[in-house]
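Undergrad: One structure follows; several queries about it will come next.
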C-alpha cells in the first residue's frame, strides 16, 4: 500500500509566507500541499492563485487539494436561506480556486446544527446533500475530479456517526453512478483523530472506528494527534505529544489491512496541525520544528510511503 504525505497550510496563516512553507516542504521532500481556506481567499483575483501555483511548482510542490479551515462553508446546511446562499457563492468560488491551482479536489465540512435546535439536523443534512449535488455538477463542468467532506467529532456536526457517514456516502455513490458524465464523486477527507464523545464524556465512536468505516470513500485524510476526548489536536514526535491517543503504528495497520478498499490507488495523508500559539515571539519560531518532527514521526511508521 502506497500512501503519500503532505501538509495542510493552516498553521502558516498570518504567521509565515507560502514561500516559507514551500521551502520547508522541499527540504522535507514533500510534494503535496492541501490549501486551507482563509478570509481573503474568496475575493482575491485569479492572478493571486496562478502566482501561488507557480511558486509551489518552483519548489516541486503540487497543491492537489483544497479544504476549508474555519467551517465557513458549513452554511450549506443552514436553515437560513441568506446564510445558505452566501455559503454556496463562496463554495463555487472555492471550486474555481481549486481549478486555478491545478487541484484535483475541493472540500469542506458540511456545517453545524445550532445546539439549541438539534431537531433541525435531519433537514440540515438533506439541504447539504442537495447543495453538494449542485456543487458536484459544477465541479464536473470546470474539470475537477472530486468533492470531499469530513466526518467530524460532534453530533451537531454531521456526519459524525456511522449511520450518517454511510447514509451520505451511499447516497452520492448512487447519485454519481446515475449521472457519471455530469457529476464528480463526493468522497471523504477523513481524519485519524476524529471520534465522538457524548455529553457525559463517554466515547461512543472511536477515531479508528470511524476512520476504518470511511475507507471505501476516503480520497484523502488528515494526520494529527488528539487527547482521549478528541478535544485538543497537536502533532507527533514531541515530548508534549506523549499524551496523545493516536498510535501511528495502529493507524498504519488499519491502512495496510484495508489497502484494497480506498477509492484511489495512492491516497494522500496531510499533516493538519495548528502549530504553536499564533502571534507570539516566543512561539511562532517553533512552527518549522513542529512540522518537521511530526512528518519524521509519521514516516517512521508509514514506512512504505511512496
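All of the numbers you see were taken from the coordinates with simple rules; none came from a lab. If you're wondering where the values come from, they're calculated on a predicted model, not measured in any experiment. Note that we place each Cβ from the backbone using ideal geometry, even for glycine, and neighbour counts take in every protein chain shown.
Undergrad: Report the Cα-based extents of the range 104-174 along its three principal axes, largest first, to the nearest Å.
TA: So the extents along the principal axes, rounded to whole Å, are 39, 20, 19.
Undergrad: Work out the P(r) tail for the chain: percent of alpha carbon pairs separated by more than 26 Å, whole number.
TA: So the pairs more than 26 Å apart make up 43 percent of the total in the chain.
Undergrad: Right, something else. Please compute the contact order of the chain in relative form: average sequence separation of alpha-carbon pairs under 8 Å and at least six residues apart, divided by the residue count, as a percent. List each step's numbers first, then the result.
TA: On the way: 574 pairs, mean separation 56.5, N = 306.
Reported as a whole number, the value is 18 percent.
Undergrad: Calculated FRET efficiency, residue 199 and residue 46, Cβ-Cβ r, R0 41 Å, to nearest 0.05? Show your work: numbers first, answer last.
TA: Values: r = 46 Å, r/R0 = 1.11.
Working from the Cβ atoms, E equals 0.35.
Undergrad: Could you calculate the FRET efficiency of residue 301 with residue 80 from 1/(1 + (r/R0)^6), where r is the beta carbon distance between them and R0 is 45 Å, rounded to 0.05?
TA: In this case the efficiency is close to 0.55.
Undergrad: While we're looking at this one, here's another question. Please work out the FRET efficiency for the pair residue 209 and residue 27, using the Cβ-Cβ distance as r and a Förster radius of 41 Å; give the result to the nearest 0.05.
TA: E between residue 209 and residue 27, to the nearest 0.05, is 0.70.
Undergrad: Ranked highest first by the average count of other Cβ atoms within 10 Å around their residues, in what order do 280-286, 142-148 fall?
TA: So the order, starting with the most tightly packed, is 142-148, 280-286.
Undergrad: Using a 7 Å offset from the Cα along the Cα-to-Cβ direction at both residue 292 and residue 70, what is the distance between the two label points in nm, to one decimal?
TA: 3.0
Undergrad: Here's another thing I want to ask about it. For residue 119 and residue 228 in one chain, what is 0.36 nm times their gap in residues minus the Cα-Cα distance, to one decimal in nm? All intermediate terms of the calculation are to be shown ahead of the outcome.
TA: Working: separation 109, 0.36 × 109 = 39.24 nm, distance 2.80 nm.
Gain on extension, residue 119 to residue 228, equals 36.4 nm.
Undergrad: Among 219-229, 101-111, 73-83, how do they line up by average Cβ neighbours within 10 Å per residue, starting with the highest?
TA: 101-111, 219-229, 73-83
Undergrad: Still on this structure, I have one more. Report the full-extension gain for the segment residue 20 to residue 249: residue separation times 0.36 nm, less the Cα-Cα distance, to one decimal in nm.
TA: Between residue 20 and residue 249, full extension yields an extra 79.4 nm.
Undergrad: Does the range 29-115 come out rounded, prolate or oblate by the C-alpha gyration tensor, with a ≥ b ≥ c the root eigenvalues, rounded set by a/c under 1.5 and, if not, prolate when a/b is larger than b/c and oblate if not?
TA: Prolate, since a/c reaches 1.5 and a/b exceeds b/c.
Undergrad: By how many nm would the segment from residue 259 to residue 13 grow when fully extended, if each residue of separation counts as 0.36 nm and the alpha-carbon distance is taken off?
TA: This chain segment gains 85.2 nm when fully extended.
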